[in-house]
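This report concerns only the one structure given below.
The values are calculated or read from the model by the stated rules, or taken from the named source; none is laboratory data. Predicted, not measured: the structure shown is a model, and the values here were computed from it. Virtual Cβ from ideal backbone geometry, glycine too; neighbours counted across all protein chains shown. Surface accessibility is based on the protein's heavy atoms, side chains included, excluding ligands, DNA and RNA. Shrake-Rupley method; radii C 1.70, N 1.55, O 1.52, S 1.80 Å.
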Amino acid sequence: MLNRPEEIEALLRAHTFKEAERDEDELRQYLMVATGLLKDARIANLSAYGRCMLAYDGLHSLAIATLLHFGVRPGDQPGQRSMAFQKFCDLLEMDIGMRKIVLDAHDRRNEKTYRSALPPLTHKDAEAVLSVLDHALVKAVAVIVPTKKK
């Protein structure tokens, strides 16, 4: 079994995360979905809202894939997506600026989905989330996909 960072073990003990099988097909699927969402979110004539939500969903796919790589998935408590994103940022060693974009994208998604239509998302917001998704995809693949020895 893959060695997990201690902070993931602690979250398992706290029931914030739960055990999950590391399934190569499932991991490939999440990475493929994130890649497709990134491609679609780059379509400039989509609405800013649409581009942000596509990029957000791509980040969520990467977050789940990264956690599954370590044999865990989010638990069932409220705030599980937020915790998944926080650990995703930790595991990929994102800098503070990228972490802020990821967590702000999550907050904005919740505002748009559950609360109000204000403030409006802009194409600048979409570009910021896209930039992080692009960076995170490369890093997640490097963590998840084993390199072949020659």
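Worth a mention:
- Choice from A44, A126, A105 showing the highest fluctuation, given a GNM over the chain with Cα pairs closer than 10 Å: A44
- Pairwise label distance in nanometres, A10 with D76, each label 7 Å out on the Cα-Cβ vector: 2.6
- Among the protein heavy atoms of the chain, carbon and sulfur supply 57% of the accessible surface, probe 1.4 Å, non-protein parts ignored.
- Accessible area per residue was computed with a 1.4 Å probe on protein heavy atoms; D134 scores about 70 Å².
- With Cα atoms, 0 to 90° folded angle of helix 96-110 axis to the chain main axis: 70
- For the range 1-128, the relative contact order comes to 30 percent (Cα pairs under 8 Å, sequence separation of at least 6).
- Helix 24-41 axis, angle to the chain major axis (alpha carbon atoms, nearest 10°): 20
- Per residue, the accessible area of the chain comes to 57 Å² when a 1.4 Å probe rolls over the protein heavy atoms.
- Shape class for the chain, computed from the alpha carbon gyration tensor (a ≥ b ≥ c): oblate, with a/c not under 1.5 and a/b at or below b/c.
- The charge dipole of the chain, taken about the Cα centre with unit charges on the Cβ atoms of Lys, Arg (+1) and Asp, Glu (-1), comes to about 280 debye, rounded to the nearest 20.
- Between helix 48-69 and the chain there is an angle of about 0 degrees, using the helix long axis and the longest principal axis of the Cα atoms.
- Stretch gain in nm, segment Y49-D104, where the contour uses 0.36 nm per residue and the Cα spacing is subtracted: 18.4 nm
- D25-D134 FRET efficiency (beta carbon distance; Förster radius 25 Å; 0.05 resolution): 0.55
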